[in-house]
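Okay, so here's the structure we're looking at.
The values are calculated or read from the model by the stated rules, or taken from the named source; none is laboratory data. Values in this document were obtained by computation on a predicted structure and should not be read as measured data. So basically every Cβ, Gly included, is an ideal-geometry build from the backbone, and we count neighbours across all protein chains shown. Note: accessible area is taken over every heavy atom of the protein model, side chains too, but ligands, DNA and RNA are not part of it. Shrake-Rupley method; radii C 1.70, N 1.55, O 1.52, S 1.80 Å.
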Amino acid sequence: MLQTVTMKVQIYADDHQKQLLLTTLQAYQKACNFVSEYIFSSRDLKQASLNRALYHTLRDRFFLRSQMAQSVLKTVIARYKSILTTEKEWIKPEFQKLQYDLVWNRDYSLTDSFFSVNTLEGREKVPYAKKGMEPYFNRSIYAFGTANLVFRKGKFYLHIPVSRDLPDIQVSDIKNVAGIDIGVNFLAACYDSAGKTSFYNGHTVKHKRIQYQRMRRKLQTIHTASAKRCLKRMDHRENRWMQDVNHCISKALVSSQPKGTLFVLEDLTGIARGKSEPFRRYGRHRHVSWAFYDLQKKIEYKALRNGCMVLFVDPSYTSQCCPKCGHIEKGNRSKERHTFRCKNCSYQSNDDRIGAMNLYQKGLSWLEQEQVRQFDTVAG
């Protein structure tokens, strides 16, 4: 199994290097928009024919080096293919952000001392933030992919995809099952094979998000340039904070379970929470804006790295079904009190714990079916 994570590294360039990198990124951006215009008019997405038509123009007009011209073509082709896949129609993309796609060992290389990058004036060696990067220089385990150099708020960052092969986890290796319910009152509730329930309280997070919301609302009523700049800064700050919270929770969840655990999560693909769940106006922002999907992805890659397996199941009725008698009724759950009481057998508990228990049982059912299927395959 191949797992890829993206490392975000800050580049420490001096004044001369900053100007050189900025000039290179600006030329790359203009070249991408030029190629985008050509593709939109010609409807041509073939690398070979585009190379014949545009290669020399990219070299002469934008002063791009050979490999940079090829990267521009690949970048624009990939963007068009992505749009055609999602939107099913020809829409011309505009490249507004200053960024530069770098091919490993052609446009860039990385050592434990310098980041070497291809610019309009040749190779340039730039120091970077090395903390935490040491393990990734083991070439027998990790491989670097096509990176992305970006310019944001006067600083340069390098986004590097790092891949490694992980051993495939078999059903026979599963020794423990953990159902994880993700929510707002408790950011995560975990129920495992030992019958233990772990809660990750969300009250502090909820309070901080309310503060962000109130400050954002206040700034939006001012309509000044400084207020808009403050809103932009605050937006990035809140996103970084949310990312950090999700990292901490996912790390705690995975490390609390042994190797060979099957983590069971709700499949949130295609679910628009704002449309599928009616919320009162007062609490709507807190329910629909938290990065639940991001938390799930962080749990997934950390679990795979820890020798565990992740299963995404249908979320239907996980909060309405009694884990003891199987009775399903909407009235079993009280959202206001965050409690669950079965109308059939009177079993009661916290509603997030009930969700985790039902996910745990779905994981057990899947595990039994897989074991039977494998047994039948071997017997046949």
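Quick notes on this structure:
- Helix screen, the chain: DSSP H segments with Cα axial length of 27 Å or more and mean Kyte-Doolittle hydropathy at least 0.0 are 66-87.
- Reach of Lys155 by Cα under 14 Å, taken over aspartates and glutamates that are not fewer than 8 positions away in the same chain: Asp14, Asp15
- Over all other residues within a Cβ to Cβ distance under 12 Å of Gly331, the charged ones net out to +4, with Lys and Arg as +1 and Asp and Glu as -1.
- Among the cysteines of the chain, those with no neighbouring cysteine Cβ under 4.7 Å are Cys32, Cys190, Cys230, Cys248, Cys308, Cys321.
- DSSP bridge orientation in the chain - percent antiparallel, rounded to nearest 5: 80 percent
- Annotation: segment 164-241 has a Kirkwood hydrodynamic radius of 16.3 angstrom, from the mean reciprocal C-alpha pair distance.
- With every protein chain in place, the chain: carbon and sulfur % of accessible area (1.4 Å): 50 percent
- Accessible area per residue in Å² at 1.4 Å probe, computed on the chain: 56 Å²
- Computed accessible area, Glu134, all protein chains, 1.4 angstrom probe, square angstrom: 120 Å²
- The helix-based estimate of mean residue ellipticity at 222 nm for the chain, built from -39,500 (n - 2.57) per DSSP H run of four or more residues and divided by its residue count, is -15000 deg cm²/dmol to the nearest 500.
- For the chain, Kirkwood radius (reciprocal of mean inverse C-alpha pair distance, Å): 24.5 Å
- Shape of segment 283-376, Cα gyration tensor, a/c cut at 1.5: oblate
- Cross-link reach list, aspartates and glutamates versus Lys130, counting only Cα pairs under 16 Å and skipping chain neighbours closer than eight places: Asp112
- Neighbourhood net charge (12 Å Cβ-Cβ; Lys/Arg +1, Asp/Glu -1) for Asn344: +2
- Positive contributions from Lys and Arg (+1) and negative ones from Asp and Glu (-1), summed over other residues with Cβ under 14 Å from the Cβ of Leu265, come out at -4.
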